[in-house]
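Single-structure report; data block below.
The values are calculated or read from the model by the stated rules, or taken from the named source; none is laboratory data. Computed from a predicted model, the values in this text were never measured in an experiment. We place every Cβ from the backbone using ideal geometry, glycine too, and count neighbours over all the protein chains shown. For the accessible areas, the whole protein counts, side chains as well, though only heavy atoms, and no ligand, DNA or RNA atoms are used. Shrake-Rupley method; radii C 1.70, N 1.55, O 1.52, S 1.80 Å.
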Amino acid sequence: MNGINSKERGFRELQQQKQINISRNKILNFVLTLFILIFFINSISFGQEHLIRINLLNCPFYSIYKNKFPDKSKYSFPNSSFKSFDNLSNKQYSILNNSLHKIKSLQNTGKSSGFFEGLDVNVKGGYLKEIEENYSTSSVYQNLKLGKRFSDLFMVTLSTGIENAKRVEVNQPDRKKWYDNTILNTEFDFNERNSISLFGSGSLSDSTFTSYGFALKSGIDLDKIIIKNYLTLSYDYFYYWTQVGQYYASDNVDLNYKDLTISAGYFSGVVDFNFVDGFEDKAKNPNSNFSFEIRYKILKKPAIDAGLQYSSKGFKYYSPLYYSPTERKLSGINATFYNTFGSYFLYMGSGIKVDNNNIFIWDADGEAGYFTNNFSLSLSLSRYNDPFYTSYNSFLNITKSF
């Protein structure tokens, strides 16, 4: 229907997705075994990163250095609002590197830190409500994330979450569901711009693996121009209500020049063999997504950005199990604001889009919180409004670094 899904009526209880085949199990078992082996090998390494972090407190660019490790810096600031480590000038790089070399020399006389030294703990809890044409869902969710850096080159993150969800559908009985998901991610940092991550996750409630794969981050510094690339190859169990997943590859490129950022991304996936074109036929469902964005930093204090966006998304087949437009193109603009007030911060963002059928879409989000060197507390609210999909999300985020 003009590239927009009309939700199939009368959809009811589907049989559970078949267990992942033997070849997938062999691959995932190998990856998980590798994770465990690497974990124990690196757990005996010297706690050099924590020693550097403690002694960098007096470094002029300590706050910038923290951005080298997004898992730490994002706990104090919204993801898109702090000054990026990648935007440093050559002079700033030189000052920072000199400080790092001096501090690293302390490792020869330092003592190995305990397990809790350098550990980051993040707790998030919230409420999400989604409204579509023929049904609505509401869920209360909570997540616990533990991140531990064992050396300059290696970090492990373990995250586990659980949701209590309810689905209300027109002319159908209400449905309730408990869903859990646990993720293990290992990251190898070759330098400040290049790293590789191996990850895997699973759900006990759905008795399935929910993701596995790897992500490669790379970057090139051409003095005034910085190019960053993010490549991911993975399997993703993306919609637990109908128990569907897909294999995919995605690549995103960012080009930074002074206050200008140009980003482009491409996604290609194949949804598992399942229902398409109603409940009579089954097939694998290839799909792709392209995105392009231009952003400009208007002010640095407070930080104000504005951007233009374009994206297109399409599936080969329509499926009643998940959102699957045959061709939908979106164009729009957005802006963000971020500022600090002593130990408090405020972030706000909003955008508008129009699709190729002249459907108007808007979204807004905000986050306010308090942070110190080792602790942060924030509250976030967001709203996404599309005639075919609307969501309300709110959550409390607490982080402590040891």
Measure off, as a whole percent, the carbon and sulfur share of the 1.4 Å-probe accessible area of the stretch 261-402, all protein chains present. 62
Cα gyration tensor category, rounded, prolate or oblate, for the stretch 302-382 with a/c compared to 1.5: prolate
Based on the Kirkwood radius over alpha-carbon pairs, what is the Stokes-Einstein translational diffusion coefficient of the stretch 155-252 at 10 °C with 1.306 mPa s viscosity, in µm²/s? 100
For a distance above 26 Å, tell me the whole-number percent of Cα pairs in the stretch 260-397 that qualify. 42
Using only alpha-carbon positions, what ratio does the radius of gyration of the stretch 337-378 give when scaled by 2.2 N^0.38 Å? 1.72
With the calculation restricted to Cα positions, what are the radius of gyration and Dmax of the stretch 225-339 in angstrom? 17.8, 58
Heavy atoms only, probe 1.4 angstrom, no DNA, RNA or ligands counted: give me F292, F388, F190, F315 ranked by accessible area, highest first. F190, F292, F388, F315
Answer with one residue from N356, F341, S319: the one whose Cα lies farthest towards the positive end of the charge dipole of the stretch 278-402, charges on Cβ with Lys, Arg +1 and Asp, Glu -1. F341
Taking the Cα centre of the stretch 234-367 as origin, sum charge times position over the Cβ atoms of Lys and Arg (+1) and Asp and Glu (-1), and report the length of that vector in debye to the nearest 20. 400
DSSP-loop GluC sites (Glu not before Pro) across the stretch 244-349, with at most 16 other Cβ within 10 angstrom: E280, E327
Exposure rank, largest accessible area first [K316, K329; 1.4 Å]: K316, K329
Determine the share of the stretch 190-246's accessible area contributed by carbon and sulfur atoms, expressed in whole percent, with a 1.4 angstrom probe. 64
Measure of exposure for Y344: accessible area at 1.4 Å probe, Å² rounded to 10, is 130
Contact order relative to length for the stretch 347-402, counting C-alpha pairs under 8 Å separated by 6 or more residues, stands in percent at 28
Accessible area per residue, Å², the stretch 296-402 with all protein chains present, probe 1.4 Å: 52
Looking at the calculated P(r) for the stretch 267-334, what percent of the C-alpha pair distances fall above 15 Å? 61
